[in-house]
Amino acid sequence: MDTDEELSDSWWERVKYYARLAIERVEYGVESVKELLSTLTIDERCGVMLEFEDVDPNKFAQLVALAPDWVEWMA
């Protein structure tokens, strides 16, 4: 049976995976990142963007410059 900690670890691993995908998708444009995020829960989207900023702040800044309204994608 999963414990809360195992579930948390599993969730965080999934978020980190999607963050890596989001980072790669910046090369293909804002809509590609937005499309990926649209498949995730609100919590996952927020986690992905936090991880994205931590892992690759330069690419995150690039995304923000291209899509200053990105926070609206979180809703």
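Considering only protein heavy atoms and a probe of 1.4 Å, how much of the accessible area of the chain is carbon and sulfur, as a whole percent?
52 percent
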Calculate, in nm to one decimal, what Glu31 and Tyr17 gain on full extension: separation in residues at 0.36 nm each, minus their alpha carbon distance. 3.2 nm
If you put +1 on each Lys and Arg Cβ and -1 on each Asp and Glu Cβ, how big is the dipole of the range 16-75 around its Cα centre, in Debye rounded to 20? 100 debye
Given the -39500 (n - 2.57) contribution per DSSP H run of 4+ residues, what per-residue ellipticity at 222 nm results for the chain, rounded to the nearest 500 deg cm²/dmol? -23500 deg cm²/dmol
Residue span Trp70 to Asn58: 0.36 nm per residue of separation minus Cα-Cα distance leaves a gain in nm of 2.8 nm
Report, in degrees rounded to the nearest 10, the 0 to 90 angle that the Cα long axis of helix 57-66 makes with the longest principal axis of the chain. 50 degrees
The chain: angle of helix 42-55 to the longest principal axis, Cα-based, in degrees nearest 10: 70 degrees
Once the Cα gyration tensor of the chain is found, what semi-axes does its equivalent ellipsoid get, as square roots of 5 times the eigenvalues, in whole Å, sorted largest first? 24, 12, 10
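The values are calculated or read from the model by the stated rules, or taken from the named source; none is laboratory data. Here the structure is a predicted model, which is why all the values come from computation and not from measurement. Glycine also receives a Cβ, built like all others from the backbone with ideal geometry; neighbour counts cover every protein chain displayed. Protein only, heavy atoms only, side chains kept; ligands, DNA and RNA dropped before computing areas. Shrake-Rupley method; radii C 1.70, N 1.55, O 1.52, S 1.80 Å.
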